[in-house]
Amino acid sequence: MTGKTFKTLDDIGDVLGKRVLVREDLNVPMADGEVADDTRLRATVPTVIELADKGAIVLILAHFGRPKGQRNPDMSLALITRPYSQVLGRPVRFIDWDDAEDAVETLQPGDIAVLENTRFFAGEEKNDGQVVDRLAVLGDLYVNDAFSAAHRAHASTEGIAHKLPAFAGRAMEAELDALDKALGNPEHPVAAVVGGAKVSTKLDVLRHLVDKVDHLIIGGGMANTFLAARGIDVGKSLAEHDLKGTAEAILDAADAAGCTVHLPYDVVVAKEFRPNPPTRTVNVHEVAADEMILDIGPAATEALADVLKTCRTLVWNGPLGAFETPPFDTATVALARTAAALTHEGSLISVAGGGDTVAALNQAGVAGDFTFVSTAGGAFLEWMEGKPLPGVAALAA
Ligand code: ADP
Ligand code: MG
């Protein structure tokens, strides 16, 4: 064993001539019938090529879109077989469900095939036993390499792991290792940056983090809710005034847990929300009734950079301001660059995730400088909430 809490390809043994069902995330965005972004396809390469090179018959399981249990030619994985073959640099067979059992018999060691969309089965998302059996009969071994689908207990992500010997693929392993370093067993002090639009979408994240991290840095629209809860007039800012009690409870829990909460003390405000409007940088107590807080200010950003310099680990979800609209990306870009530089120096382990967060880090040009950037979306957030992910739990060693 590798000393991990889950089994990996290092534990899988001899795969020569064995049929290995590999759950991947092939759910790529399409535009005009073409793959618009092949990041997810590229993430599958290490696992698929390693198994094929060891002589396994690689049978890839994946979903594509939301066909809701109906066959839908627009959501057929046949559409991505050719681009996927180009990414892998290997021929890729496509296998439809009708003749899957016969088709897999014709494959040779080292062959790679993509099976049709798992969500064409109505029972896939219900983790239905019949669907589990129908998938499991095709393979000898199961590998889950799709962290992004691991927060759902579906037939192809969870049920099947109980029917066949089950292992984590290389992408899944890398993601779990990175997340473990960030929150599972991190080096302290740990800082968390939580930003984004609303407190209400990240309540469970905040509640979980106050017990885990030493510094909780709150930015974005959700900081306004906390400022308002503390009696500060945030003018026309996006804020959830009805969550005053909830915000106070989170601050109390942080206090009890010895977690320092950092709220901005200067902010960038504007009267209109559009690119490059007139702005003011003011103390949080000086926001006018007709102004909106759209970014945290330079003094707060500098103070947060100093906090990161004292930390060993950073986990980041959510931008600090309305980063899509210039100049309200300033604080997010500046703090992201600080985190990247500290990571580069070797003093910080930095892990980030979330759709807008990844976009913001790309905008700052530093996504590649973080220790790990998760593109998993929902699964990343559920992990930040401290929830067990059923697809991962099913791989328990
Ligand atoms: P992620 O996708 O990384 O989890 P969220 O979806 O929670 O992040 O939040 C991102 C959104 O929050 C962005 O659209 C951004 O414009 C918005 N946002 C951040 N700060 C503010 C603010 N001060 N006022 C309004 N919107 C904000
Ligand atoms: Mg988002």
Exercise. Of all residues in region 319-335 being in contact (Cβ under 8 Å) with a residue 40 or more places away in the chain and part of a helix (DSSP H, G or I), which is farthest from ligand 2 (Cβ to nearest atom)?
Worked result: 330
For this session: Return yes when residue 333 is among the β-branched types (Val, Ile, Thr) and closer than 18 Å to residue 266 by Cβ and no when it is not.
Result: yes
Seminar exercise, completed: Result of the Cβ filter at 8 Å on region 344-373, keeping first residues that are at positive phi and partners that are in a helix (DSSP H, G or I) and within 16 Å of ligand 2 (Cβ to nearest atom), at least 6 apart or interchain, is 354/380; 354/381
For this session: Give me a count of the residues in region 181-201 that are in contact with a strand residue (DSSP E or B) (Cβ under 6 Å, 6 or more places away or on another chain) and among the basic types (Lys, Arg).
Result: 1
Exercise. What is the number of the single condition among (1) within 16 Å of ligand 2 (Cβ to nearest atom); (2) surrounded by fewer than 17 Cβ atoms within 10 Å (Cβ to Cβ); (3) touching a residue at least 60 places away in the same chain (Cβ under 8 Å) that residue 386 does not meet?
Worked result: (1)
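Yes/no matrix, rows are residues, columns are (1) within 16 Å of residue 44 (Cβ to Cβ); (2) out of contact with any Asp or Glu (no Cβ under 7 Å at 6 or more places or on another chain); (3) surrounded by fewer than 24 Cβ atoms within 10 Å (Cβ to Cβ):
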residue	(1), (2), (3)
91	yes, yes, yes
94	yes, yes, yes
107	no, yes, yes
122	no, yes, yes
129	no, yes, yes
134	no, yes, yes
149	yes, no, no
154	no, no, no
165	no, yes, yes
Exercise. Can you name the condition, by its number, that residue 318 falls short on among (1) within 13 Å of ligand 1 (Cβ to nearest atom); (2) touching a Phe, Trp or Tyr at 6+ places or on another chain (Cβ under 9 Å)?
Worked result: (2)
Exercise. Among the residues of region 295-318, is any within 16 Å of ligand 2 (Cβ to nearest atom) and assigned to a loop (DSSP other than H, G, I, E, B)?
Worked result: yes
Exercise. Within region 214-222, is there a residue that is modelled with pLDDT of 95 or more, within 16 Å of ligand 2 (Cβ to nearest atom), of a type in the set (Gly, Ala, Ser) and out of contact with any helix residue (DSSP H, G or I) (no Cβ under 8 Å at 6 or more places or on another chain)?
Worked result: yes
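The values are calculated or read from the model by the stated rules, or taken from the named source; none is laboratory data. Treat the numbers as computed from the prediction; the structure is a model and nothing was measured. So basically every Cβ, Gly included, is an ideal-geometry build from the backbone, and we count neighbours across all protein chains shown.
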